[in-house]
There are 2 protein chains.
Amino acid sequence: MTKRLAFLGPAGTNTEQIAIVHDPDATLLPFPSVPAVAAAVDSGMADEGVVAIENSLEGSVTSNLDLLIHESNLFIRHELVLPIQHLLLSKPGTKSEEVRVVYSHPQALGQCRSYLAKCFPDAQLAASLSTSAAVEEMQSSDVPAAAIANQRSAELYGAHILARHVQDDPNNETRFVVLAREDHPPTGKDKTSICFNFEHDAAGILYSVMGAFAKRGINLTKIESRPTRESLGRYIFLVDLEGHREDPVLKEALDEVKAQVSLFKVFGSYPMHVSSAVSKS
Amino acid sequence: MTKRLAFLGPAGTNTEQIAIVHDPDATLLPFPSVPAVAAAVDSGMADEGVVAIENSLEGSVTSNLDLLIHESNLFIRHELVLPIQHLLLSKPGTKSEEVRVVYSHPQALGQCRSYLAKCFPDAQLAASLSTSAAVEEMQSSDVPAAAIANQRSAELYGAHILARHVQDDPNNETRFVVLAREDHPPTGKDKTSICFNFEHDAAGILYSVMGAFAKRGINLTKIESRPTRESLGRYIFLVDLEGHREDPVLKEALDEVKAQVSLFKVFGSYPMHVSSAVSKS
């Protein structure tokens, strides 16, 4: 049966682009928000859902991390990396000097911050739910507008390309995760994502947790903190580790950590992305 | 001489509100962006600048962290905490069921995400440069609009209050830092903020750095990572520590860390905020 792959729509988003690379044969199901993508997978309407997690310039997509922490019991089954190319689009006939408002997803606006400040210092920046939605809003805008989006949405929506490569930095890549109801079996070259926090604010415990991995030679590839939402200065830590949660050594380390912390959640184990090739299996 | 205090304007922002609490006698200087606030202090146009750094629900204000890391040589001289109360404002006469667009600063939109999804599922969310700018945009909007902003801007702009307490969580506080050309002398109850990264991606070094503080009994109050902007998966770590950088023990630990890392920057030492009282000196 063809895989049903949920993504943040409409057609033309970067998430759709990486979903097509991930599984060219999948049936693509667009959803209007990331919580809706998660709900689609959770309820069985879709087999997998693709969600942006981190950008090389802007950092984590914090709302999606918070969804994993607080609102979803799905597993991470794959990670995928997409090089991002932002274009500045307009309606045919709009001149760049007329542009008064620039629409895009807040992450994309952030990735083009210096460019926009230099070239459009007086334009209003307007947040859209996705880069594709930005193109739609640009096209229905009453005032001269532009949108930051990708090549595919320029083609899909018949938009005029005012400028290419408008991102502030050429090293612009986004890491996505594929959410599913089960994580991935071991492949020998895996990563595991977890989160945890402590009942009491004890910095020494964080050091001890990191020691549980360090003394076993387990590499941390990422450490990140998010607010608990309970009070300022209390955090949930998100850690990515090399290895699969079923590897005996990592399993032992995870058990040691679990005994010391209050909240403990394994987001899943999945094949590690290898640079310059989109990981698939 | 009266202190000249730069803040993210226009009048009515939460940053202005905390600036007034910080120094009721100061001359307040509004600037259109946080980089402009930093430049005003750097160039001597202002003595201090107030900048939001972290919210208890949304987490770090990452663009302001990145400014500290990459673009500013200013010091953190104080930290301040403001309880946030968001109101939903409109033009007099606009009914809530007519609202088609909701303006606010992206952090404020994020802090009201659930409320907006429930009560205004079809409204467009539009990012403004500040909560005050959101009120201005709401007032000049052609379509029925609302803005999320504070009590002070409702009064300043003569806006109608559609709803109060629209934030998703009552535990909504924002931590601000006061930037200056020098940090604060020791008071006996201080914090120090630093950032660092490593030439090579070596998770073991992070553990060793944390050990330099742990073995001396120095508490970490925060650990956070930001992208280096060079490639995906490479991070700059931001750490807040208890103590002043001139304390002999902390000084020794910082020297030990400095020897192991590549980038190393001390953002400054400043009096620690004590709950339920805005720290000042």
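Condition check ((1) touching a Ser or Thr at 6+ places or on another chain (Cβ under 9 Å); (2) surrounded by fewer than 18 Cβ atoms within 10 Å (Cβ to Cβ)) across all residues:
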| residue | (1), (2) |
| --- | --- |
| A:210 | no, no |
| A:228 | yes, no |
| A:241 | yes, no |
| A:246 | yes, yes |
| A:251 | no, yes |
| A:269 | yes, no |
| A:274 | no, yes |
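Please go through the range B:146-158 and pick out each residue that is out of contact with any Phe, Trp or Tyr (no Cβ under 6 Å at 6 or more places or on another chain) and closer than 22 Å to residue A:134 by Cα.
Within the range B:146-158, B:146, B:148 meet the criteria.
Return the residue satisfying two criteria in turn: it lies in the range B:196-234 and is under 24 Å from the mean Cα position of the chain (by Cα) and of a type in the set (A, V, I, L, M, F, W, C), and of such residues it is nearest to the other protein chains (Cβ to nearest Cβ). Looking at the filtered set, the residue picked out is B:220. Looking at the structure I just gave you, is residue B:237 within 19 Å of the chain's Cα centre (by Cα), surrounded by fewer than 21 Cβ atoms within 10 Å (Cβ to Cβ), outside the structural domain of residue B:76 (by TED's automatic domain parsing) and among the aromatic types (Phe, Trp, Tyr)? So residue B:237 fits the description; yes.
Looking only at the range A:77-87, filter to residues that are assigned to a loop (DSSP other than H, G, I, E, B) and of a type outside the set (S, T, N, Q); which one of those is nearest to the chain's Cα centre (by Cα)? Among those that are assigned to a loop (DSSP other than H, G, I, E, B) and of a type outside the set (S, T, N, Q), it is A:84. Would you say residue B:270 is under 22 Å from the mean Cα position of the chain (by Cα) and at pLDDT 95 or above? The answer is yes for residue B:270.
For residue A:89, indicate whether it is farther than 25 Å from residue B:236 by Cα, touching a residue at least 12 places away in the same chain (Cβ under 8 Å) and not acidic (Asp, Glu). Yes: the conditions hold for residue A:89.
Condition check: free of Cβ contacts under 8 Å to residues at least 40 places away in the same chain, in contact with a strand residue (DSSP E or B) (Cβ under 8 Å, 6 or more places away or on another chain) and closer than 30 Å to residue B:111 by Cα. Does residue B:225 satisfy that? The answer is yes for residue B:225.
Residues that are away from every other protein chain (no Cβ under 14 Å) and not in a strand (DSSP E or B) within the range B:88-123 comprise B:91, B:92, B:93, B:94, B:95, B:96, B:97, B:98, B:99, B:115, B:119, listed in sequence order.
The condition (being closer than 25 Å to residue A:136 by Cα and touching a strand residue (DSSP E or B) at 6+ places or on another chain (Cβ under 6 Å)) is satisfied by just one residue among A:6, A:26: A:6. Whether a residue is of a type in the set (Asp, Glu) and under 23 Å from residue B:213 (Cβ atoms) was assessed, and residue A:224 passes this test.
In the set B:48, B:54, B:71, only one residue is touching a strand residue (DSSP E or B) at 6+ places or on another chain (Cβ under 6 Å), under 21 Å from residue B:192 (Cα atoms) and within 11 Å of chain A (Cβ to nearest Cβ); that residue is B:54.
The values are calculated or read from the model by the stated rules, or taken from the named source; none is laboratory data. Here the structure is a predicted model, which is why all the values come from computation and not from measurement. Using ideal geometry, Cβ is built from the backbone for each residue, glycine included, and neighbour counts are taken over all protein chains shown.
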